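Peer 1: Before we start, here is the structure in question, set down as structure tokens.
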Amino acid sequence: STERTLSIIKPDAVAKNVIGQILSRFENAGLRIVAAKMMHLSQEQAEGFYAEHKERPFFGDLVAFMTSGPVVVQVLEGEGAIAKNRDLMGATNPKEAESGTIRADFAETIDANAVHGSDSAASAEREIAYFFNDSEICPRG
Ligand code: CMP
């Protein structure tokens, strides 16, 4: 079925100037970008977004990294978009990511791993609403 998922191009990938290359991978896989914005997250925005990881030992480093520079937040739409995006990203740890995936090709460390993608339908719904109003999302036929 047609789904939506939230994607974030993280500060490391923005700094590497590969925003376009990453967006092309989504488009080439048949996903449509139905919302997008560049933003520099505040500490509060990053902490709220990653609230489920609050108790994890890496939470402080994760928030520091995600606020270290601008990100590009997008809503991707398409058939099986959540799983498709996760396949395109590859494993969370780039060292374990299959070749040809975004993380294998553009990332080196688990902290600076180029992209975030929603991991379930429930996460996608929460994460999309965290960054976008309905009026900012432009469904396409
Ligand atoms: P992301 O998909 O954005 O979700 C949480 C992020 O925490 C994850 O990508 C990684 O960049 C980062 N992270 C750092 N250490 C770990 C870890 N041990 N397990 C999972 N995520 C981690």
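Since every read-out is calculated from the coordinates, none of them should be taken as a lab result. Here the structure is a predicted model, which is why all the values come from computation and not from measurement. Quick reminder, even Gly has a Cβ in these numbers, built from the backbone with ideal geometry, and neighbours come from all protein chains shown.
Peer 1: If I ask for residues that are surrounded by fewer than 15 Cβ atoms within 10 Å (Cβ to Cβ) and acidic (D, E), which ones from the range 88-124 would you list?
Peer 2: Answer for the range 88-124, where residues must be surrounded by fewer than 15 Cβ atoms within 10 Å (Cβ to Cβ) and acidic (D, E): E96, E98, E108.
Peer 1: If I ask for residues that are of a type outside the set (F, W, Y) and buried (at least 20 other Cβ atoms within 10 Å of the Cβ), which ones from the range 36-56 would you list? Spell out the reasoning first.
Peer 2: First pass over the range 36-56, keeping only residues of a type outside the set (F, W, Y): 36-48, 51-56.
Within the range 36-56, L41 is the sole residue that qualifies.
Peer 1: Going by what's in this entry, would A91 be described as within 14 Å of the ligand (Cβ to nearest atom), in a helix (DSSP H, G or I) and among the aliphatic types (A, V, I, L, M)?
Peer 2: On the way: within 14 Å of the ligand (Cβ to nearest atom): yes; in a helix (DSSP H, G or I): no; among the aliphatic types (A, V, I, L, M): yes.
Taking the combined requirement at face value, the residue does not satisfy it.
Peer 1: Looking at the range 94-135, which of the residues that are among the small types (G, A, S) and not in a loop (DSSP other than H, G, I, E, B) is nearest to the ligand (Cβ to nearest atom)? It would help to see each step written out before you state the result.
Peer 2: Within the range 94-135, the first condition is being among the small types (G, A, S), and the residues that meet it are 97, 99-100, 104, 107, 112, 114, 117-118, 120-124, 129, 135.
So of that shortlist, the ones also not in a loop (DSSP other than H, G, I, E, B) come out as 104, 117, 121-124, 129, 135.
Details: A104: 14, G117: 7, A121: 16, A122: 15, S123: 10, A124: 13, A129: 17, S135: 26 Å.
The extreme case among them is G117.
Peer 1: Turning to a different aspect of this structure: Among the candidates G80, G48, G117, single out the residue that is of a type outside the set (A, V, I, L, M, F, W, C) and at positive phi.
Peer 2: When all the criteria are applied, what remains is G80.
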